[in-house]
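What follows is a short report on a single structure.
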Amino acid sequence: MVVKTPKVSEVIALPRQQLHHSHEYKQVVIGLQGQTEFDVDGRGSLVGPGQGCLVEESHEHAFTGVGRNEILVINLPYQEWVGHASMHDNIARLFSREPYFQLDTHAQMLIKALTAEMIANPSDLLLSRACADTLMCVLHRHFRDHVSPRRDGHRLNMDIIDRYIHQHISRKISVAQLAGSVFLAESQFHQLFKEQVGTTPHQYVLEKRFALAKQLIKESELTMAQIADSCGFSSQSGFTNAFSRYFGLSPAKFKGSV
(Lines give C-alpha, C1' and ligand atoms only; values in the text may rest on other atoms or scores of the structure.)
Protein backbone atom coordinates (compact mmCIF):
# COMPACT_ATOMS: atom_id res chain seq x y z
CA MET A 1 0.00 0.00 0.00
CA VAL A 2 1.05 3.64 -0.37
CA VAL A 3 0.65 5.85 2.69
CA LYS A 4 0.09 9.58 2.96
CA THR A 5 2.87 11.97 3.94
CA PRO A 6 3.13 12.29 7.75
CA LYS A 7 4.96 14.96 9.73
CA VAL A 8 8.42 15.94 8.51
CA SER A 9 10.02 14.37 11.59
CA GLU A 10 8.59 12.31 14.41
CA VAL A 11 9.51 9.82 17.12
CA ILE A 12 7.50 6.60 17.01
CA ALA A 13 7.48 2.99 18.21
CA LEU A 14 6.96 0.14 15.74
CA PRO A 15 4.53 -2.72 16.40
CA ARG A 16 5.76 -6.25 17.02
CA GLN A 17 3.91 -7.67 14.02
CA GLN A 18 5.58 -7.17 10.65
CA LEU A 19 4.12 -4.47 8.44
CA HIS A 20 5.14 -3.25 5.01
CA HIS A 21 4.40 -0.30 2.77
CA SER A 22 5.92 2.21 0.37
CA HIS A 23 5.64 5.99 0.10
CA GLU A 24 6.32 8.67 -2.49
CA TYR A 25 9.12 10.34 -0.55
CA LYS A 26 12.54 9.49 0.85
CA GLN A 27 12.82 8.58 4.51
CA VAL A 28 15.63 8.43 7.09
CA VAL A 29 15.12 6.13 10.08
CA ILE A 30 17.41 6.31 13.14
CA GLY A 31 17.22 3.96 16.11
CA LEU A 32 16.79 5.61 19.51
CA GLN A 33 15.88 2.77 21.86
CA GLY A 34 15.60 -1.00 21.65
CA GLN A 35 15.71 -2.62 18.23
CA THR A 36 13.69 -2.62 15.03
CA GLU A 37 14.03 -4.95 12.08
CA PHE A 38 13.94 -3.50 8.57
CA ASP A 39 13.93 -5.10 5.15
CA VAL A 40 14.50 -2.70 2.27
CA ASP A 41 14.35 -4.23 -1.22
CA GLY A 42 15.16 -7.67 0.20
CA ARG A 43 18.08 -6.47 2.36
CA GLY A 44 17.30 -6.96 6.02
CA SER A 45 19.05 -5.61 9.11
CA LEU A 46 18.42 -4.82 12.76
CA VAL A 47 18.49 -1.11 13.59
CA GLY A 48 19.45 -0.25 17.17
CA PRO A 49 20.41 2.99 18.95
CA GLY A 50 22.76 5.07 16.81
CA GLN A 51 22.11 2.99 13.72
CA GLY A 52 20.05 4.05 10.75
CA CYS A 53 18.34 3.07 7.54
CA LEU A 54 17.72 4.98 4.30
CA VAL A 55 14.48 4.27 2.43
CA GLU A 56 14.08 5.49 -1.15
CA GLU A 57 10.75 6.74 -2.43
CA SER A 58 8.38 4.10 -3.86
CA HIS A 59 10.54 1.26 -2.47
CA GLU A 60 8.60 -1.46 -0.68
CA HIS A 61 10.00 -2.05 2.80
CA ALA A 62 9.02 -4.17 5.79
CA PHE A 63 9.54 -3.31 9.43
CA THR A 64 9.00 -4.87 12.86
CA GLY A 65 9.55 -3.64 16.39
CA VAL A 66 11.57 -5.91 18.67
CA GLY A 67 10.16 -5.45 22.18
CA ARG A 68 10.17 -1.91 23.53
CA ASN A 69 11.53 0.32 20.79
CA GLU A 70 11.70 3.91 19.63
CA ILE A 71 12.86 5.34 16.31
CA LEU A 72 13.28 8.77 14.79
CA VAL A 73 11.74 9.13 11.33
CA ILE A 74 12.66 12.00 9.00
CA ASN A 75 10.39 12.23 5.96
CA LEU A 76 11.72 14.02 2.89
CA PRO A 77 8.97 14.73 0.37
CA TYR A 78 10.29 16.36 -2.81
CA GLN A 79 8.21 19.51 -2.33
CA GLU A 80 10.01 20.19 0.95
CA TRP A 81 13.39 20.77 -0.73
CA VAL A 82 12.51 21.80 -4.29
CA GLY A 83 14.21 25.15 -4.96
CA HIS A 84 16.84 24.53 -2.26
CA ALA A 85 19.84 23.37 -4.27
CA SER A 86 22.15 22.73 -1.31
CA MET A 87 19.59 20.61 0.54
CA HIS A 88 18.78 18.74 -2.67
CA ASP A 89 22.48 17.95 -3.20
CA ASN A 90 22.97 16.87 0.43
CA ILE A 91 20.00 14.50 0.25
CA ALA A 92 21.21 13.08 -3.06
CA ARG A 93 24.66 12.39 -1.60
CA LEU A 94 23.16 10.84 1.53
CA PHE A 95 20.99 8.45 -0.48
CA SER A 96 23.88 7.42 -2.73
CA ARG A 97 25.20 5.44 0.26
CA GLU A 98 24.40 1.92 1.39
CA PRO A 99 20.95 1.78 3.05
CA TYR A 100 22.21 0.95 6.57
CA PHE A 101 24.65 3.06 8.57
CA GLN A 102 26.18 3.64 12.03
CA LEU A 103 26.46 7.09 13.64
CA ASP A 104 29.38 8.27 15.75
CA THR A 105 28.98 9.32 19.40
CA HIS A 106 28.86 13.07 18.65
CA ALA A 107 26.08 12.67 16.08
CA GLN A 108 24.13 10.44 18.49
CA MET A 109 24.36 13.07 21.24
CA LEU A 110 23.04 15.80 18.93
CA ILE A 111 20.19 13.60 17.74
CA LYS A 112 19.30 12.66 21.32
CA ALA A 113 19.04 16.34 22.29
CA LEU A 114 16.85 17.19 19.29
CA THR A 115 14.53 14.23 19.76
CA ALA A 116 14.09 15.10 23.43
CA GLU A 117 12.64 18.45 22.33
CA MET A 118 10.38 16.75 19.80
CA ILE A 119 9.08 14.26 22.40
CA ALA A 120 8.38 17.11 24.84
CA ASN A 121 6.47 19.07 22.16
CA PRO A 122 4.81 16.48 19.86
CA SER A 123 2.25 18.88 18.36
CA ASP A 124 4.72 21.64 17.48
CA LEU A 125 4.99 21.36 13.68
CA LEU A 126 7.48 24.23 13.41
CA LEU A 127 9.77 22.43 15.85
CA SER A 128 9.36 19.23 13.84
CA ARG A 129 10.40 21.10 10.68
CA ALA A 130 13.35 22.80 12.39
CA CYS A 131 14.55 19.52 13.90
CA ALA A 132 14.35 17.79 10.53
CA ASP A 133 16.49 20.51 8.91
CA THR A 134 19.02 20.35 11.74
CA LEU A 135 19.12 16.56 11.67
CA MET A 136 19.85 16.56 7.94
CA CYS A 137 22.74 18.95 8.59
CA VAL A 138 24.01 16.62 11.34
CA LEU A 139 23.89 13.66 8.94
CA HIS A 140 25.60 15.64 6.18
CA ARG A 141 28.39 16.68 8.56
CA HIS A 142 28.72 13.17 9.94
CA PHE A 143 29.24 11.48 6.57
CA ARG A 144 31.37 14.33 5.23
CA ASP A 145 33.79 14.07 8.16
CA HIS A 146 34.22 10.30 8.05
CA VAL A 147 36.39 9.38 5.10
CA SER A 148 36.96 5.90 3.77
CA PRO A 149 39.77 3.83 5.34
CA ARG A 150 41.08 3.33 1.79
CA ARG A 151 42.67 6.77 2.19
CA ASP A 152 44.47 5.60 5.32
CA GLY A 153 46.62 2.63 4.43
CA HIS A 154 43.83 0.47 3.07
CA ARG A 155 43.30 -0.93 6.58
CA LEU A 156 40.13 -1.53 8.55
CA ASN A 157 40.14 -0.54 12.20
CA MET A 158 39.56 -3.97 13.75
CA ASP A 159 39.34 -2.51 17.26
CA ILE A 160 36.15 -0.67 16.26
CA ILE A 161 34.74 -3.75 14.53
CA ASP A 162 35.57 -6.02 17.48
CA ARG A 163 34.00 -3.54 19.91
CA TYR A 164 30.82 -3.42 17.81
CA ILE A 165 30.62 -7.23 17.72
CA HIS A 166 31.20 -7.43 21.48
CA GLN A 167 28.41 -4.92 22.15
CA HIS A 168 25.93 -6.75 19.92
CA ILE A 169 27.05 -10.37 20.27
CA SER A 170 23.70 -11.52 21.65
CA ARG A 171 21.85 -10.19 18.58
CA LYS A 172 21.80 -10.65 14.85
CA ILE A 173 24.74 -8.79 13.27
CA SER A 174 24.59 -8.04 9.55
CA VAL A 175 27.49 -7.20 7.24
CA ALA A 176 25.76 -3.87 6.58
CA GLN A 177 25.90 -3.03 10.30
CA LEU A 178 29.60 -3.93 10.52
CA ALA A 179 30.29 -1.83 7.44
CA GLY A 180 28.39 1.07 8.96
CA SER A 181 30.50 0.90 12.13
CA VAL A 182 33.54 1.94 10.06
CA PHE A 183 31.57 4.14 7.63
CA LEU A 184 31.92 2.00 4.51
CA ALA A 185 29.61 0.68 1.85
CA GLU A 186 28.81 -2.99 2.39
CA SER A 187 30.47 -4.22 -0.82
CA GLN A 188 33.67 -2.25 -0.17
CA PHE A 189 33.77 -3.41 3.46
CA HIS A 190 33.30 -7.07 2.52
CA GLN A 191 36.19 -6.94 0.05
CA LEU A 192 38.55 -5.09 2.43
CA PHE A 193 37.63 -7.38 5.31
CA LYS A 194 38.36 -10.57 3.39
CA GLU A 195 41.65 -9.17 2.09
CA GLN A 196 42.78 -8.05 5.55
CA VAL A 197 41.42 -10.81 7.81
CA GLY A 198 41.41 -13.76 5.42
CA THR A 199 37.83 -14.78 6.17
CA THR A 200 34.35 -13.40 5.59
CA PRO A 201 32.68 -11.05 8.09
CA HIS A 202 29.99 -13.70 8.72
CA GLN A 203 32.58 -16.35 9.58
CA TYR A 204 34.48 -13.89 11.77
CA VAL A 205 31.36 -13.05 13.79
CA LEU A 206 30.55 -16.77 14.12
CA GLU A 207 34.03 -17.43 15.50
CA LYS A 208 33.52 -14.63 18.05
CA ARG A 209 30.23 -16.24 19.10
CA PHE A 210 31.91 -19.63 19.53
CA ALA A 211 34.80 -18.11 21.50
CA LEU A 212 32.33 -16.51 23.91
CA ALA A 213 30.34 -19.75 24.12
CA LYS A 214 33.45 -21.71 25.11
CA GLN A 215 34.32 -19.11 27.73
CA LEU A 216 30.81 -19.23 29.22
CA ILE A 217 30.75 -23.03 29.23
CA LYS A 218 34.07 -23.08 31.08
CA GLU A 219 33.57 -20.22 33.52
CA SER A 220 29.84 -19.72 34.12
CA GLU A 221 26.93 -21.64 35.61
CA LEU A 222 24.59 -20.68 32.77
CA THR A 223 22.46 -23.34 31.13
CA MET A 224 23.10 -24.24 27.50
CA ALA A 225 19.92 -22.39 26.54
CA GLN A 226 21.16 -19.25 28.32
CA ILE A 227 24.57 -19.54 26.68
CA ALA A 228 22.96 -19.95 23.26
CA ASP A 229 20.90 -16.79 23.85
CA SER A 230 23.90 -14.82 25.19
CA CYS A 231 25.93 -15.71 22.11
CA GLY A 232 23.27 -14.71 19.59
CA PHE A 233 21.94 -18.12 18.52
CA SER A 234 18.23 -18.32 17.84
CA SER A 235 17.76 -21.57 19.77
CA GLN A 236 19.61 -24.09 21.92
CA SER A 237 19.31 -26.74 19.22
CA GLY A 238 20.71 -24.38 16.59
CA PHE A 239 23.61 -23.55 18.90
CA THR A 240 24.29 -27.23 19.65
CA ASN A 241 24.27 -28.18 15.96
CA ALA A 242 26.53 -25.29 14.94
CA PHE A 243 28.95 -25.88 17.84
CA SER A 244 29.13 -29.61 17.10
CA ARG A 245 29.84 -29.05 13.40
CA TYR A 246 32.53 -26.48 14.15
CA PHE A 247 34.38 -28.27 16.96
CA GLY A 248 33.52 -31.90 16.30
CA LEU A 249 31.88 -32.37 19.71
CA SER A 250 28.74 -31.11 21.39
CA PRO A 251 28.71 -28.29 23.96
CA ALA A 252 27.84 -30.81 26.67
CA LYS A 253 30.82 -33.01 25.79
CA PHE A 254 33.05 -29.95 25.63
CA LYS A 255 31.88 -28.98 29.13
CA GLY A 256 32.71 -32.47 30.37
CA SER A 257 36.21 -32.25 28.93
CA VAL A 258 37.24 -29.03 30.74
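The values are calculated or read from the model by the stated rules, or taken from the named source; none is laboratory data. Because the structure is a prediction, the values reported are computed rather than measured. A quick note on method: Cβ atoms are made from the backbone with ideal geometry, for glycine too, and the neighbour counts reach across all protein chains shown. Just so you know, the surface numbers come from the protein's heavy atoms only, side chains and all, with ligands and any DNA or RNA stripped out. Shrake-Rupley method; radii C 1.70, N 1.55, O 1.52, S 1.80 Å.
Net charge around LYS255, counting only other residues with Cβ within less than 15 Å of its Cβ (Lys, Arg = +1; Asp, Glu = -1)? Spell out each step's value before the answer.
Values: positive: LYS214, LYS218, LYS253; negative: GLU219, GLU221.
Computed value for this residue: +1.
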Can you tell me the orientation of helix 201-219 relative to the chain, as the angle in degrees between its alpha-carbon axis and the longest Cα principal axis, to the nearest 10? 50
The chain: radius of gyration and largest Cα-Cα distance (Dmax), Å: 20.4, 70
Give the carbon-plus-sulfur fraction of the accessible surface of the chain in %, rounded to a whole number; probe 1.4 Å, heavy atoms of protein chains only. 52
What's the angle, to the nearest 10 degrees (0 to 90), between helix 85-94's Cα axis and the longest principal axis of the chain? 10
Listed residue pairs exceeding 25 Å between alpha carbons, taken from LYS7/LYS112; LYS194/LYS255; LYS172/LYS194: LYS194/LYS255
Explain nothing, just compute: Karplus ³J(HN,Hα) = 6.51 cos²θ - 1.76 cosθ + 1.60, θ = phi - 60°, for every residue of region 112-117 in order, whole Hz, x for Gly and Pro. 4, 5, 5, 5, 4, 5
Once the dipole of the chain is set up with Lys and Arg at +1 and Asp and Glu at -1 on Cβ about the Cα centre, which of LEU206, GLY48, SER9 lies farthest towards its positive end? LEU206
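Averaging over every viewing direction, what projected area does the convex hull of the Cα atoms of region 108-258 cover, in nm²? Could you put the intermediate results ahead of the total?
Numbers: hull surface 49.5 nm².
So the mean shadow area of the Cα hull is 12.4 nm².
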Surrounding charge for SER45, neighbours by C-beta under 15 angstrom, Lys/Arg +1, Asp/Glu -1, total -1
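Averaged per residue, what accessible area in Å² does the chain show with a 1.4 Å probe, protein chains only? Mind showing how you got there, number by number?
Details: 13400 Å² over 258 residues.
Accessible surface, normalised per residue, equals 52 Å².
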Taking amide hydrogens as modeled 1.01 Å from N in the peptide plane, which residues meet the under 5 Å criterion relative to GLN33, leaving out close sequence neighbours? GLU70
Residue by residue through region 127-133, the couplings from Karplus 6.51 cos²θ - 1.76 cosθ + 1.60 with θ = phi - 60°, in Hz, x for Gly and Pro, are 5, 4, 5, 5, 5, 4, 4
Classify region 201-258 as rounded, prolate or oblate from the Cα gyration tensor: take a ≥ b ≥ c as the square roots of its eigenvalues, call it rounded if a/c is under 1.5, otherwise prolate when a/b beats b/c and oblate if not. rounded
Under 22 Å Cα to Cα from LYS253, which lysines show up? Leave out anything in the same chain fewer than 8 places away. LYS208, LYS214, LYS218
